[in-house]
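Everything below concerns the one structure shown next.
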Amino acid sequence: MISNVSILKNITILYAEDEAALREITLNILKGFTKKQLVAQNGVQGLELFKKHEQEIDLIITDVNMPLMNGLEMIKEIKKINANIPIIVATAFSNTEYLLEAIDIGVDKYVLKPIDMKKLLQLMSQSLLYHELKDLYVDNLTHLPNRNRLQKDLALTKEGLMAMVNIDKFSTINDLFGEINGDKILLKFADTLKKFFNKNEFMLYRIEADKFLIVSRDFDRDIQNLYDLCKKFEDFIEKDAVYINEHEIDLNMTIGLAKSDSNNAFKYVQRVISYARRKFEPILIYNDAFNIQESFEENIKWIKKIKNGVKNHNFKAYFQPIVNSQTKEIYKYEALIRYIEEDGTIVNPYTFLEIAKKAKLYPHIIKIMIKEAFNLIKNKNKRVAVNISFEDIASMTTMKYVYNVIEENKEFAHLLEFEILESEEISDFSEVFKFIKRLKEYDCQIGVDDFGAGYSNFNMLVNLDISFVKIDGSLIKELDSSENQKIIVKTITEFTKKFGFKTVAEFVSNEEIYKQVKEIGVDYCQGYYFDAPLSYDQIT
């Protein structure tokens, strides 16, 4: 009879009509084409039914003139609950003045009375298909165009001036306040975007959970002008906290801008956001001089090299001596990863370690380091410290491997130490407590590395059952020229001694720094003043 009628067979409709005879006739026909019908005799009943059955209602058909609450009033209230619900209005020809108002409040279709059922069924089918298609291109939460819509729009234009806005650490906000409150924050954020970037001048998109795109309708606009608008927006968001249920929530963001042909502009804003984060820049305009493409190519090259290096034994541990500050005698060695090229070139970990972590390849490296450490411990009777990250500790797979290797070598485990990287944010201290407790059973010593950088906090030291604290090299390397650094190092040393922790100073590179470290009372020293990292064969 009509095309696409099959789309109606699994839907639930809400039908509101005050004329009993018309309601009965129409309902009997609708029963033959739809799965379920909820019937209301006026707007009040219709609204109550919608509130009760919102999750199952697919489409609404309503008369306009009804007692208690008319159809348009009912629609307005329903739209507050679900702005996307498909709605068809049935109205007498004499009431067609209501149609403009109906269109204004978001009604999809209308049918004139007396109702032509063939026409009504056709409209129902079209309306559902339209909404199904619309949902492909509209973000359900913010009602902004989504990534699908962006891809279609980019295909229709040759040039693009745009800015990508990424809310920093939004997953943490969801974890802290829950996804329902997270959605409320995103809605407020989207509303603020709309106020700052006029729809006549800009198109807005939500392209990922916490990423929004601003596209200028005028490609000739100066990119600096867009930068200034983004800066004002960023200042507003960071100064004015979002309030959800009386809770104040501070938001930070990173914004990347680019101007190029449309497809490249979109690539550039994505790349420059990552680059801006590394440079701690809240807003950055893409520039070819950043060599971001070369950086990506370098990342790809190193991911491949890391994977092959694990198989082909290119990774080796080098061991830097840690000496007693008073006697200069070697107390232990820190195991440091190196990549050995086929020609024998030794590659420093700064080149590849972060890439390995981001590519989820770092667990391979920690496994290598544990094996290399035990090799030196067993064969040369040396004490060895190995770095371990919170991510390692939180990984059941990595920890299972670590515990198995220690169990296999438990008679030597008392010579193995672990340095927990304090510069990394620890999200679950219970995992760290369990790790330390388990290692203590093997008589291993555990310390905190990089203290004084990143997320340093003295309370953490007190609560962890550790043996030593390594003071971050950024504080030590200028100790001979900075009085402020000296005060900080002295404060850390005095605090740790009160709780019985030993201290280690890294980056001791000359005689003067060594004298300062010794005078302050740091227990152990490490750095090129004493020796560079050594290969296994160089250690006697």
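All of the numbers you see were taken from the coordinates with simple rules; none came from a lab. Quick caveat: nothing in here was measured; it's all calculated off a predicted structure. Note: ideal-geometry Cβ built from the backbone for every residue, glycine included; neighbour counts use all protein chains shown.
Given the pairs 51/79; 169/259; 367/400, which are separated by over 19 angstrom at their Cα positions?
With Cα atoms farther than 19 Å apart: 169/259.
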Taking the range 244-403 and dividing mean pair separation by its residue count, relative contact order in percent (alpha carbons under 8 Å, at least six apart): 16 percent
Correct choice for Cα Rg over 2.2 N^0.38 Å that was computed from the model, options (1) 1.37; (2) 1.13; (3) 1.32: (1)
Structure-based [θ]222 nm, the chain - -39500 (n - 2.57) summed over DSSP H runs of at least 4, per residue, nearest 500: -14000 deg cm²/dmol
Vicinal HN-Hα couplings computed from phi for the range 184-191 (Karplus, 6.51 cos²θ - 1.76 cosθ + 1.60; Hz; Gly/Pro x): 5, 5, 4, 5, 5, 4, 5, 4
Out-of-range pairs (alpha-carbon distance over 24 Å; input 9/184; 440/518; 211/358; 307/332; 158/301): 9/184; 440/518; 307/332; 158/301
For the range 147-290: relative contact order, % (alpha-carbon pairs under 8 angstrom, 6 or more apart): 34 percent
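What does the charge count around residue 9 come to, taking other residues whose C-beta lies under 13 Å from its C-beta (Lys +1, Arg +1, Asp -1, Glu -1)? Numbers along the way, then the final one.
Numbers: positive: 31, 35, 36; negative: 58.
Neighbourhood net charge equals +2.
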In the range 281-362, GluC sites (Glu not before Pro) in a DSSP loop with at most 15 other beta-carbon atoms within 10 Å: 329, 341, 342
For the chain, size of Cβ-based charge dipole, Lys and Arg +1, Asp and Glu -1, in debye: 1280 debye
Among 303, 156, 487 the positive-end extreme of the charge dipole of the chain (Cβ point charges): 303
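Could you check what % of the DSSP bridge pairs in the chain are antiparallel, to the nearest 5?
The answer is about 45 percent antiparallel.
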Other-chain or far-sequence residues with amide H under 5 Å of residue 253's (modelled H): 168
